[in-house]
Amino acid sequence: MQRSRFFLVSRRSLLAASGGGALGALFPAWPGRGDAANYHLVADSGRAHLVGTTYPETAVWSYNGAVPGPEIRLRQGEHVEIAVENRLDEETTIHWHGLRVPNPMDGVPHLTQQPISPGETFVYAFDVPDAGTYWYHPHQRSYEQVGRGLYGPLIVEEREPIQVDRDVTWVLDDWRLLPDGQISDDFGNFMDSSHNGRVGNTVTVNGRILETFPVRAGERVRLRLINAANARIFGLEFQGHRPTIIALDGQPVEPHAPTGGRVVLGPAMRADLIIDMSGEPGARFTVADRFYRDLEYRLLELVYGDEPPLRMHPLDGPVRLAANTMPEPDISAAERHEVSFGGGMMGGMMMAMMGGRRTDMRAMMQSGMAWAINGVAATGHIMEPFLTLQRGRSYVLAMHNDTAWHHPMHLHGHAFRVTAREGQPTRHREWQDTVLMTPRERVEVAFVADNPGDWMFHCHILEHQAAGMMGVIRVA
Ligand code: C2O
Ligand code: CU
């Protein structure tokens, strides 16, 4: 496992690298605390061995020359400062997906900060109140920037860790590659944005096609899954094993077996699994992705080494994680808001507001828009909030997916409890920051609006987001 901190920099070297004054002005209150974690991420174009060393390298965009970018590993409650240097030819930002950061650190271009221009550095600084599995990615033209490889894992360790033999992260991604191994550059085309997004043809784990994953009989592995794909939904099945889900989107959940043995992850979603490696030395088991009917494939094989089992009986230590710090919503007093999603092919949506004007579907499509939230198609990050919430109050969003497509809906700055699906209470009332909605489904989520600011609320199929499926929720 990669635990090292890449490009650890002192305040002094950072100041020198960026010319001093500019950074001081950007970030006047640099605390210079000795106990803060420091990272330096450089966004740049580069090359990666996505498809293995016998194929040509793929031209990518990456952080610190690697796909995924370096794992940022913090302790719960820690303060972190992350300098992001932009060596791309276009503007960028970083959004810390799932972390409840202060609004100015949220990385949304124009809404929470000016985008980072080519050649510039921006320092993000925040505390991490909650443990869990998170990730980071740009919020500027993310359908292309993320799609070319800009993303990385961010892990916040619990104050009281559970006992496992190995803590492993798999960042899953899906690429659309041409026969020469290069990324197809048809980003944001209308076919993708009006259907199920840019689903590719090559799935990688931690930035490469992984044929096998070595394990040892008897060991207990905590497997952190992160779906960094633009659009692909994963439905992973672990042949011969019984994974236990202990966290969703980083947030602790009552430990339970996945429904039907399948771990389903929409784009941006995470799951933490406990897997006891119960096979015999020398055995091999398939991990398959069965989400799309008739398009199942083997993701990789778990390959047991020949060593004798690490232990004869599985560990019986507890796997339940301590709760995070989100306030509990008061459902009985919560204010309810209806939110509906429309558009897409076979959607039947006729009209939407776009750029402040009432527009029919055909005119929308001519400008590349395909989706709307409560009848409004977003054309950029700056817009009037479609909801204004009072800080400290509890809210229920009663959401209706009035489309023929799946949508992983993500709210910034908060986690919400998924309380009902199709009018039925959910079994685990799981905390999530991204909830996958099936076609036509109704889902209710509840949360306390406790983080002031303007927060994005959008579909995390990045082509849907770019084609209008985005809005702003203000916490006043
Ligand atoms: Cu992971 Cu608004 O994004
Ligand atoms: Cu969507």
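The values are calculated or read from the model by the stated rules, or taken from the named source; none is laboratory data. Please read these numbers as outputs of a predicted model, since none were measured by experiment. Positions of Cβ are backbone-derived with ideal geometry, glycine not excepted, and every protein chain shown enters the neighbour counts. The protein model used for the area step is the full one, side chains on, heavy atoms only, and it has no ligands, DNA or RNA in it. Shrake-Rupley method; radii C 1.70, N 1.55, O 1.52, S 1.80 Å.
So here's what we get for this one:
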| item | result |
| --- | --- |
| Added length on full extension, which subtracts the Cα-Cα distance from 0.36 nm per residue, Glu328 to Ser367 | 9.8 nm |
| For the chain: rounded, prolate or oblate by the Cα gyration tensor [a/c cutoff 1.5] | rounded |
| The stretch 256-311 - Rg and Dmax from Cα coordinates, angstrom | 13.8, 39 |
| Whole-number D in µm²/s for the stretch 152-265 (Stokes-Einstein; Kirkwood sum over Cα pairs; 10 °C, 1.306 mPa s) | 97 |
| FRET efficiency estimate (nearest 0.05) - Cβ-Cβ, Arg47 to Glu307, R0 30 angstrom | 0.25 |
| Per-pair calculated FRET efficiency, R0 = 41 Å: Arg358 and Asp294 via Cβ, rounded to 0.05 | 0.50 |
| For the stretch 111-157 versus the stretch 227-260, the gap between their alpha-carbon centres in whole angstrom | 23 |
| Karplus 3J(HN,Hα) series, Hz, for the stretch 52-61 with 6.51 cos²θ - 1.76 cosθ + 1.60 (x for Gly, Pro) | x, 6, 7, 9, x, 5, 9, 6, 10, 10 |
| Listed residues His110, His79 arranged by accessible area, highest first, probe 1.4 Å | His110, His79 |
| FRET E, pair Arg284, Glu422, Förster distance 30 Å, beta-carbon r, rounded to 0.05 | 0.15 |
| Stretchable slack from Gln239 to Arg336, in nm (0.36 nm times residue separation minus alpha-carbon distance) | 30.7 nm |
| Prolate/oblate/rounded call for the stretch 377-419, Cα gyration tensor, a/c under 1.5 rounded | oblate |
| Percent breakdown of C-alpha pair distances by 10 Å bin, ordered from the shortest bin, for the stretch 300-430 | 9, 28, 24, 18, 11, 8, 2 |
| Charge dipole (debye, nearest 20) of the stretch 379-429; +1 at Cβ of Lys and Arg, -1 at Cβ of Asp and Glu | 360 |
| For Phe126, distant residues with modelled amide H under 5 Å away | Val80 |
| Trypsin sites (Lys or Arg not before Pro) lying in DSSP loop within the stretch 101-173, provided at most 14 other Cβ fall within 10 Å | Arg159 |
| Antiparallel bridge percentage (DSSP; both residues within the chain; nearest 5) | 70 |
| Extension gain from Leu210 to Glu384, taking 0.36 nm per residue of separation minus the Cα-Cα distance | 58.2 nm |
| GluC sites (Glu not before Pro) within the stretch 202-309, DSSP loop, no more than 15 other Cβ atoms inside 10 Å | Glu211, Glu296 |
| Part-to-part distance (alpha-carbon centres) for the stretch 397-462 and the stretch 47-87, which is given in Å | 29 |
| Nonlocal amide H pairs with Thr379, under 5 Å, H built at 1.01 Å | Gly355 |
| Solvent-accessible area per residue for the chain (1.4 angstrom probe, square angstrom) | 40 |
| Overall form of the stretch 219-364 per C-alpha gyration tensor (a/c, 1.5; a/b vs b/c) | oblate |
| Along principal axes, Cα extents of the stretch 49-111, largest first, whole Å | 45, 30, 18 |
| For Thr419, distant residues with modelled amide H under 5 Å away | Glu444, Val445, Ala446 |
| The chain, accessible surface, carbon-and-sulfur percent (1.4 angstrom probe) | 50 |
